[in-house]
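Asks: What follows is a structure written as structure tokens; I'll ask about it next.
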Amino acid sequence: MAQKFFMSIRLKVILPYLLLTIVVSVIGVYVVTRLVSNTIQERLTNQLLEAGRVVADSFIRQEVRHVETARIIGYTRGLAEALASEDRRAALTLSEPAFSGLGLENLILISAQGDELVHLILNENGKLQRVDQNTGVASSLIVTPFLINKNADDPPRRALGVNLVNDQTYYYTALPVVLNGEFTGVVVVGTSIYHILPFLKSTSLADVIMYGGDGQAIGTTLGVADQSTLGLLSITKDAYQQVITSKDIVKGSNIEVAGRFYSVARGPLQVGNDRIGVFAVALPLDFVLKSAADSRTTYVILFTVVFFFVLLIGFVVSRLIINPLYSLVNTSQAIAGGDLQQRTGIRSNDEIGTLANTFDEMTSRLQAHTLELERMNQILRNIDKTKTNFIQISAHELRTPLTLIMGYSQMLEQETKNNPDLLALSQGILEGSERMTDIIDSMLDVSRIDSNTLLLRKTGLRFDLLVNKINKKFEAAFAERSLKMTVEGLADLPLVPADPDLIQKAFYHIIINAIKFTPDGGSIYISGKYLNGSQPPQVQIAIRDTGIGIDSALHRLVFEKFNQTGDVLLHSSGKTKFKGGGPGLGLAIARGVIEAHGGQIWVESEGHNEETCPGSTFFIALPVDA
């Protein structure tokens, strides 16, 4: 029992502490991991956006280089005149050195009449190649406005376009060529996307994707830029239009290239006032996932170590609390079992130590009081034994002279039949002797009950016959005091294994008690019932009167020896008179007899009141054979 209680205290102390630690650890791991992951994700997004801005800025720098190169070529001496006169040979002769010296990749010179006079391009081997055919550049969107307006002050125009000579995409810038303030032609400078992309990647620290006007990817630094890769990276026309009309970098969805995932941000490629296309920057998700996983693992390990450390501290603290409680519980149970020598042995300066010291001091006082009570109890037992011995001796010693008195009284009664005065005196002596004999018999019965020497001679007892026999003894009293006794249900009861003489004596004392405390004209009602559902089966007899009742505080005391209700000096001297006197042994004898048969006896009453007479009911329950 002590161990079970100890475990419950341990669980009450440790379990909430353990659950709280687990919850805090799990929440801590989750929150910190989420914060790290979100932080890394934010870093990724910010890096994508920054990379997009770097790409846009790089295109602007490329545009500045194009403009500077185009102006150098446009201001080459004699070139404007050659364009004005559409002198192809002169224009070619003047432009080829500039092409090589400026490190250009594609140069196109167009006259004011829209003739493509010069078209120089670097081939795949890095050598200059002259293009003699008309590639249709004059009708492109960046050249046509110059030819139509013929305005020498028009700003540069830019575009992404495919060169029909090698089917490669170039970034083109077109500027007007001026001679004496007059428009003489257009110079177009182009740089291959595949030469721009590596530079963009190195400056933005991200992979770059370029998109054409229909959303088709036209170049990328993600692996080999073959048709399958470009097709995988392409976007829809609607997505292209959404990005090119946006004001800032747009965060896109994740993509997978060659088994690796990338996070993509797209933005409009704007140079000056022209939006020439859409680009995208891509960063691998590996460092996000790996960083998150590494952070998660690190924090899981950290919180696990902290969890077990906190748990260890909790275990130590709980033992500091529980062990003294365990000692206190064992000591209290030992004391409850009667071992008043036990002490807790706890020596601490905390609240538990104070409780243990107080408990030990209380135990010491309890031990001293118990020893004193045992000593007094032994004295009382000796006195009670002396009283019992005195009762036995007195009863035996009184019985002999009472027998002589009764014998002589009976003889005197026979001799004085003819003398009424002497007859009354002899009958008075005889009645007094019989009453004294009843008292002595009661004293002897009490002594037998106290010494457990009642001898039971059980037979099959019928309660209806027993009550009728008692009723005959009180017929004179019932008639004298106008009392009415009613019996019901006793004839239907089964036989009860009991000693008829002792049970009759018990019922005699209960009935005479009801007669004594029932006013004249009252009634006594005796009923019985068989309780087959109880274990073991029982017969229950109820003796109810209409008397003055019994106070609830005396319901147990009335069955004690020599107990009297009310003022003894006011009791009547008659045995069956109202509030008649007696030694106070009748109910004690009745209880001893009933309990000797394995039964129970108790009383129920609403209280004592000599005006309303609430009455009392005595119940007797005796076991019967099933």
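The values are calculated or read from the model by the stated rules, or taken from the named source; none is laboratory data. All of these numbers come straight from a predicted model, not from anything done at the bench. Backbone-built Cβ (ideal geometry, glycine too); neighbour counts: all protein chains shown.
Asks: Specify which of the listed residues (529, 575) is at pLDDT below 80 and of a type in the set (Lys, Arg).
Replies: The conditions single out 575.
Asks: Pick out the one residue from 354, 358, 344 that is surrounded by 12 or more Cβ atoms within 10 Å (Cβ to Cβ) and out of contact with any helix residue (DSSP H, G or I) (no Cβ under 9 Å at 6 or more places or on another chain).
Replies: Among 354, 358, 344, only 354 is surrounded by 12 or more Cβ atoms within 10 Å (Cβ to Cβ) and out of contact with any helix residue (DSSP H, G or I) (no Cβ under 9 Å at 6 or more places or on another chain).
Asks: In region 132-181, what count of residues is obtained for those that are in contact with a Pro (Cβ under 8 Å, 6 or more places away or on another chain) and β-branched (Val, Ile, Thr)?
Replies: Final tally of qualifying residues: 1.
Asks: Listed residues 159, 152, 138, 174; which is farther than 24 Å from residue 212 by Cα and not hydroxyl-bearing (Ser, Thr, Tyr)?
Replies: Checking each option against the conditions leaves just 152.
Asks: Could you tell me which residue of region 240-271 is farthest from residue 204 (Cα to Cα), considering only residues that are part of a strand (DSSP E or B) and among the hydroxyl-bearing types (Ser, Thr, Tyr)? Reasoning before the result, please.
Replies: Quick first cut of region 240-271, residues part of a strand (DSSP E or B) only: 250-257, 260-271.
This time we only want the ones that are among the hydroxyl-bearing types (Ser, Thr, Tyr), so: 253, 262-263.
Details: 253: 19, 262: 15, 263: 15 Å.
By that ranking, first place goes to 253.
Asks: Okay, next question. Considering only region 235-247, how many residues are more than 54 Å from the chain's Cα centre (by Cα) and surrounded by 15 or more Cβ atoms within 10 Å (Cβ to Cβ)? Give the steps one after another, and end with the answer.
Replies: Taking region 235-247 as the starting set, the residues that turn out to be more than 54 Å from the chain's Cα centre (by Cα) are 237, 240-241, 244-245.
Restricting the remaining residues to those that are surrounded by 15 or more Cβ atoms within 10 Å (Cβ to Cβ) gives 240, 244.
Going through region 235-247 one residue at a time, the tally reaches 2.
Asks: Of the numbered conditions (1) within 17 Å of residue 608 (Cα to Cα); (2) surrounded by fewer than 23 Cβ atoms within 10 Å (Cβ to Cβ); (3) of a type outside the set (Ser, Thr, Tyr), residue 513 satisfies every one except a single condition; which is it?
Replies: Exception for residue 513: condition (2).
Matching residues to (1) under 30 Å from residue 506 (Cβ atoms); (2) in contact (Cβ under 8 Å) with a residue 24 or more places away in the chain; (3) over 60 Å from the mean Cα position of the chain (by Cα):
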| site | (1), (2), (3) |
| --- | --- |
| 355 | no, yes, no |
| 358 | no, no, no |
| 364 | no, no, no |
| 371 | no, no, no |
| 382 | yes, no, yes |
| 401 | yes, no, yes |
| 405 | yes, yes, yes |
| 416 | no, no, yes |
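Asks: Within the group 503, 524, which residue is assigned to a helix (DSSP H, G or I) and in the same structural domain as residue 492 (by TED's automatic domain parsing)?
Replies: The unique qualifying residue is 503.
Asks: From the list 200, 179, 205, which one is modelled with pLDDT of 85 or more and not small (Gly, Ala, Ser)?
Replies: 179
Asks: If we scan region 336-352, do we find a residue that is at positive phi and not in a helix (DSSP H, G or I)?
Replies: Yes - at least one qualifying residue is present in region 336-352.
Asks: Give the residues of region 182-216 that are crowded, with 16+ Cβ neighbours inside 10 Å, over 60 Å from the mean Cα position of the chain (by Cα) and free of Cβ contacts under 8 Å to residues at least 40 places away in the same chain, sorted by residue number.
Replies: Within region 182-216, 193, 194, 197 qualify.
Asks: Here's another thing I want to ask about it. Do we find that residue 285 is under 30 Å from residue 98 (Cβ atoms) and in contact (Cβ under 8 Å) with a residue 24 or more places away in the chain in this structure?
Replies: Values: under 30 Å from residue 98 (Cβ atoms): no; in contact (Cβ under 8 Å) with a residue 24 or more places away in the chain: yes.
Answer is no for this residue.
Asks: Hey, any hits in region 160-169 for a residue that's in the same structural domain as residue 108 (by TED's automatic domain parsing), under 20 Å from residue 65 (Cβ atoms) and either at pLDDT 90 or above or under 60 Å from the mean Cα position of the chain (by Cα) (or both)?
Replies: No, region 160-169 contains no residue that is in the same structural domain as residue 108 (by TED's automatic domain parsing), under 20 Å from residue 65 (Cβ atoms) and either at pLDDT 90 or above or under 60 Å from the mean Cα position of the chain (by Cα) (or both).
Asks: Which members of region 332-355 meet the condition of being among the β-branched types (Val, Ile, Thr) and over 17 Å from residue 321 (Cβ atoms)? Before you say what the answer is, go through the steps one by one.
Replies: Applying the first criterion (among the β-branched types (Val, Ile, Thr)) to region 332-355 yields 335, 344, 346, 352, 354.
Matches in region 332-355: 335 only.
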